[in-house]
């Protein structure tokens, strides 16, 4: 069997196992929660099975932002042409601010997940949902505004 198929089967088994664990932890462990739901009352396995994937996606996005800022800070550039020298270059300052903000957001996210805070799940879920809904809206606008026939 080719190596790519082996990795494909392992990825399939791993993802199905995670799906089974997710369904078990959300719907089968202590499913009789009082409403309104307090996250502190949830079983730890149930809470972390939702919080960890959401935090990982959020931390990945924040990490990409930090990486971009760090790259801008550490990149070596050729000195600009003499006619451009009189302009101020604030890119390094902006990159430092980006790195500070992304580190702060990452630390707040990890701290919020540790505390089992509602905002630690709600804010990333809202942002991810708004991005996905914005992309769907954009595709819809593109479909609506595209001509269906060629001009004569």
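The values are calculated or read from the model by the stated rules, or taken from the named source; none is laboratory data. Keep in mind that this is a model prediction, so the values were computed, not measured. Neighbour counts run over all protein chains shown; Cβ positions are idealised from the backbone, glycine included.
Can you tell me which residue within region 10-56, out of those that are over 26 Å from the mean Cα position of the chain (by Cα) and surrounded by fewer than 11 Cβ atoms within 10 Å (Cβ to Cβ), is modelled with the lowest pLDDT? The qualifying residue modelled with the lowest pLDDT is 35. Condition check for residue 114 on (1) modelled with pLDDT under 90; (2) within 30 Å of residue 50 (Cα to Cα); (3) surrounded by 13 or more Cβ atoms within 10 Å (Cβ to Cβ): one failure, at (3). Looking only at residues of region 61-84 that are more than 26 Å from residue 127 (Cβ to Cβ) and surrounded by 10 or more Cβ atoms within 10 Å (Cβ to Cβ), we find that the one that is modelled with the lowest pLDDT is 80. Annotation for region 115-123: at least one member residue is in contact (Cβ under 8 Å) with a residue 60 or more places away in the chain, closer than 20 Å to residue 65 by Cα and part of a helix (DSSP H, G or I).
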